[in-house]
Amino acid sequence: HFTLDRALETFRHVKCARYIQQALIIFMPCGFDLNRTRTEAMQITKYAEWANLQAVKTGQVYITDGNSYFNRPGPRLVDSLEILAEILHPEIFNFGYRGKGWQVFL
C-alpha cells in the first residue's frame with residue numbers, strides 16, 4: 001500500500017529531485033481529502049531537494065481530494081477528468097472544482 005510516508009522515504013533516500021524534473025506535480029493520495037493531503041504533503045517541503053524541482057519553481061504543484069474524486073471508480077470519473085482539465089488548462093476549462101476538488105499547493 002503506497003502512502004505519503006513511503007513517498008517521503010523514497011524522496012529522502014533516492015534523492016528523487018535529481019531524477020525527476022517534472023513540469024507538474026499533482027498529489028492525489030488515496031483516502032485523503034484536501035486538508036489531509038495538504039497537511040501530509042507539507043512534510044516533503046522540508047527537504048532541500050524539493051525546492052529544486054521544476055514544478056515547485058514554477059508554481060505547478062497541486063493537491064486534490066483523492067478520496068472523493070480520484071481513488072474510486074464510479075460516476076465521479078468524469079468529475080476527475082474535469083478537475084485534471086482545470087489544472088492542466090485553466091485558461092480553457094472552469095468546471096467549478098477549484099477550492100473543493102483541487103487547490104494550488106503552496
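None of the figures in this text is laboratory data; all of them are computed from the coordinates on show. Please read all numbers here as calculations on a predicted model, not as lab measurements. Here the Cβ positions follow ideal geometry from the backbone for every residue, glycine too, while neighbour counts run over all protein chains shown.
With r as the distance between the Cβ atoms of A48 and V78 and R0 = 30 Å, compute the FRET efficiency 1/(1 + (r/R0)^6) and round to 0.05.
Numbers: r = 40 Å, r/R0 = 1.32.
Efficiency for this residue pair is about 0.15.
When only Cα pairs under 8 Å and 6 or more residues apart are kept, what is the percent relative contact order across the range 61-106? Kindly include the intermediate steps, with their values, before the conclusion.
Details: 41 pairs, mean separation 24.3, N = 46.
Contact order relative to length: 53 percent.
Please give me the summed charge of the neighbours of F93: other residues whose Cβ is under 11 Å from its Cβ, Lys and Arg +1, Asp and Glu -1.
On the way: positive: R98; negative: E82, E86, E91.
That works out to -2.
So if each residue of separation counts as 0.36 nm, and I subtract the Cα-Cα distance between F95 and R36, what length gain in nm does that give?
Values: separation 59, 0.36 × 59 = 21.24 nm, distance 2.30 nm.
Extra length from F95 to R36 when fully extended: 18.9 nm.
Can you give the charge dipole size of the range 35-78 about its Cα centre, rounded to the nearest 20 debye, using +1 on the beta carbon of Lys and Arg and -1 on the beta carbon of Asp and Glu? Before the final figure, lay out the partial values.
On the way: 6 positive and 3 negative charges, 21 e Å.
Magnitude of the dipole: close to 100 debye.
Could you tell me which of rounded, prolate or oblate describes the range 44-84, using a ≥ b ≥ c as the square roots of the eigenvalues of the alpha-carbon gyration tensor, with rounded for a/c under 1.5 and, failing that, prolate when a/b is larger than b/c and oblate otherwise? Because a/c hits 1.5 or more and a/b exceeds b/c, the range 44-84 counts as prolate.
Looking at the range 42-106, which trypsin sites (Lys or Arg not before Pro) are DSSP coil and have at most 10 other C-beta atoms within 10 Å of their C-beta?
Numbers: sites: K46, K57, R76, R98, K100; in loops: R76, K100.
Passing both the DSSP loop test and the Cβ count: no residue.
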